[in-house]
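The structure that follows is given in the form of structure tokens.
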Amino acid sequence: MQSAKPLQFQATAGSYFVFTIVTIILSYIPIFGWAFLLNYASEWFADRTEVNGRAIKYQAGYGESLKFVFVNTLLLAITLGIYSFWFYPKMYRYVVDHVSNADEATPAPVPAPETPEVV
């Protein structure tokens, strides 16, 4: 049964309080903290959101987010902030590209082919 609203967000004041404290602390750690913060915040929002009655999940690795944050922070610094007009839409696109339905099966990694043993 689908709910009347296609998009629902369920969070408590307590979980938001913890979220706020963690994000404030992480925001003071350049690059590494910001990458962790990107994943933490995106996952926090996704875990508490339903689309058409179905849970969603955020799936991005820390290394991938670290690369994204590093490159874009460098571009922001080089352009003295002018890149922010491109950065914010790019960041939202990055987050949305890593969100999927929670009930979708995650593709299993393809095992490496076995190599014959040389004697």
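Any residue in segment 69-80 that is free of Cβ contacts under 8 Å to residues at least 40 places away in the same chain and within 19 Å of ASN39 (Cβ to Cβ) sitting within a Cβ distance under 6 Å of a residue that is part of a helix (DSSP H, G or I) and not basic (Lys, Arg)? List the pairs, counting only those 6 or more apart or interchain.
Qualifying pairs under 6 Å: VAL69/TRP34; VAL69/ALA35; ASN72/PHE87.
Restricting to segment 42-99, count the residues that are part of a helix (DSSP H, G or I) and among the charged types (D, E, K, R).
So the count comes out to 7.
Please go through segment 19-51 and pick out each residue that is surrounded by fewer than 12 Cβ atoms within 10 Å (Cβ to Cβ) and out of contact with any Phe, Trp or Tyr (no Cβ under 9 Å at 6 or more places or on another chain).
Residues satisfying the conditions are THR20, ILE21, ILE24, ILE25, TYR28, PRO30.
Among the residues of segment 31-54, count how many are free of Cβ contacts under 8 Å to residues at least 24 places away in the same chain, farther than 18 Å from ALA77 by Cβ and not aliphatic (A, V, I, L, M).
Matching residues across segment 31-54 total 3.
Now, a different point. Taking interchain pairs and intrachain pairs at least six residues apart, which have beta carbon atoms under 6 angstrom, with the first residue in segment 1-14 and at positive phi and surrounded by 10 or more Cβ atoms within 10 Å (Cβ to Cβ) and the second part of a helix (DSSP H, G or I) and at pLDDT 95 or above?
Close Cβ pairs satisfying both conditions: none exist.
The values are calculated or read from the model by the stated rules, or taken from the named source; none is laboratory data. Here the structure is a predicted model, which means the values were calculated and not measured. Cβ atoms come from the backbone with ideal geometry, glycine included; neighbour counts cover every protein chain shown.
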